[in-house]
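Everything below concerns the one structure shown next.
The values are calculated or read from the model by the stated rules, or taken from the named source; none is laboratory data. Remember, it's a predicted structure, so these values are computed and weren't measured experimentally. Heads up, the Cβs are rebuilt from the backbone with ideal geometry, glycines too, and the neighbour counts pull from every protein chain shown. The area values use the complete protein model at the heavy-atom level, side chains included, leaving out ligands, DNA and RNA. Shrake-Rupley method; radii C 1.70, N 1.55, O 1.52, S 1.80 Å.
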Amino acid sequence: MATFVEFISQLHSSKQQAIVWHHQTDDFSCHKALNNYYDEIVELVDGLVESVSGIYGRPQGYSVQTLKDYVDCETVIVYFQDLYAYIQSQRAGLPQESWIQNQVDEVAQLVAETIYLLTLD
């Protein structure tokens with residue numbers, strides 16, 4: 001199970017990865033879906049970290065994964081499907097207050113929406 005800071009680091013990495021792919025893709029729907037994701041994830045992660053920090057203290061020890069170059073939109077879709085699975089598999093190890101889990105739900109919803117938007121032509 002990931003720690004809270006590992007979980008947040010994964011979300012920070014997903015934002016950075018989305019920015020890289022947004023700049024590299026020539027697929028318009030992929031470009032727009034990635035733009036939407038990185039615009040929205042910043043506020044969701046910020047709210048989650050601030051809420052949890054109020055009760056459990058500020059997270060320390062962030063890390064960012066190695067970023068990958070864009071291959072195709074299908075690879076991006078698989079990345080976000082894996083991210084969704086990661087969020088669902090790690091939520092049990094996060095603080096269990098309903099309001100924190102609701103914030104995690106909002107992140108999962110954004111990832112699910114992004115997967116859908118990536119399928120549009």
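Odds and ends about this structure:
- Within region 44-56, restricting attention to residues that are without any contact (Cβ under 8 Å) to a residue 60 or more places away in the chain and of a type in the set (Val, Ile, Thr), the residue that is surrounded by the most Cβ atoms within 10 Å (Cβ to Cβ) is VAL52.
- Hits in region 57-84 (condition: of a type in the set (Val, Ile, Thr), within 16 Å of LEU117 (Cβ to Cβ) and without any contact (Cβ under 8 Å) to a residue 12 or more places away in the chain): THR75, VAL78
- Failed criterion for GLN65 (all others in (1) assigned to a helix (DSSP H, G or I); (2) open to solvent by 20 Å² or more (accessible area, probe 1.4 Å) hold): (1)
- Per-region count, region 70-80, residues in a helix (DSSP H, G or I) and open to solvent by 90 Å² or more (accessible area, probe 1.4 Å): 1
- Cβ pairs under 6 Å, 6+ apart, first in region 14-43 and in a loop (DSSP other than H, G, I, E, B), second open to solvent by less than 80 Å² (accessible area, probe 1.4 Å): THR25/HIS31; THR25/TYR70; ASP27/CYS73
- The one condition in (1) at pLDDT below 95; (2) polar (S, T, N, Q); (3) not in a loop (DSSP other than H, G, I, E, B) that GLN60 fails to fulfil: (3)
- Test: residue in region 28-39 that is more than 13 Å from the chain's Cα centre (by Cα), modelled with pLDDT of 95 or more, aromatic (Phe, Trp, Tyr) and surrounded by 12 or more Cβ atoms within 10 Å (Cβ to Cβ): no
- Among the residues of region 88-118, just one is open to solvent by 60 Å² or more (accessible area, probe 1.4 Å) and not in a helix (DSSP H, G or I), namely GLN96.
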